[in-house]
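Note sheet for the following structure.
Please treat every number below as a calculation from the coordinates, not as lab data. Because the structure is a prediction, the values reported are computed rather than measured. Note: ideal-geometry Cβ built from the backbone for every residue, glycine included; neighbour counts use all protein chains shown.
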Amino acid sequence: MKISDRGLGIIKRCEGYHRALPDGSCAAYQEMINGKLDIPTIGWGCTEQVTMGMVWTREQAEEGLKRELAKHEAAVNRLVTVELNQNQFDALVSFCYNLGEGNLGI
């Protein structure tokens with residue numbers, strides 16, 4: 001299965017498009033969590049190969065999100081052994097995107 005447009009929209013709304021710049025692009029950022037800096041993030045929560053100082057166009061942010069979600073779709077397809085409807089699949093991809101494949105496999 002693949003994430004639906006509705007599922008993608010929900011993830012984008014929940015994640016938010018952070019550190020948007022006036023021209024519509026976005027900049028990498030880090031948040032303080034429990035007194036420590038979290039990993040660099042950009043766009044709609046993308047973290048793979050993100051470094052501070054990076055700036056992405058909105059199109060790059062869209063592609064980055066789709067690229068990262070594809071890995072989480074694959075994890076859900078591999079790890080979940082029961083039949084899912086589209087809403088369940090979308091929810092599990094969102095869970096995996098936020099908490100990681102390892103937490104889905106527990």
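A few remarks follow.
- Counting Lys and Arg as +1 and Asp and Glu as -1 over every other residue whose Cβ lies under 13 Å from the Cβ of residue 43, the net charge comes to -1.
- For region 72-106 versus region 11-51, the inter-centroid distance based on Cα atoms is 22 Å.
- The chain, dipole about Cα centre (Lys/Arg Cβ +1, Asp/Glu Cβ -1), debye to the nearest 20: 60 debye
- The phi-based Karplus calculation (6.51 cos²θ - 1.76 cosθ + 1.60; θ = phi - 60°) puts the 3J(HN,Hα) values of region 13-27 at 5, 5, 6, x, 9, 8, 6, 5, 9, x, 8, x, 6, 9, 10 Hz, whole numbers, x for Gly and Pro.
- Separation of the residue 19 and residue 80 label points, Cα + 7 Å toward Cβ, nm: 3.1 nm
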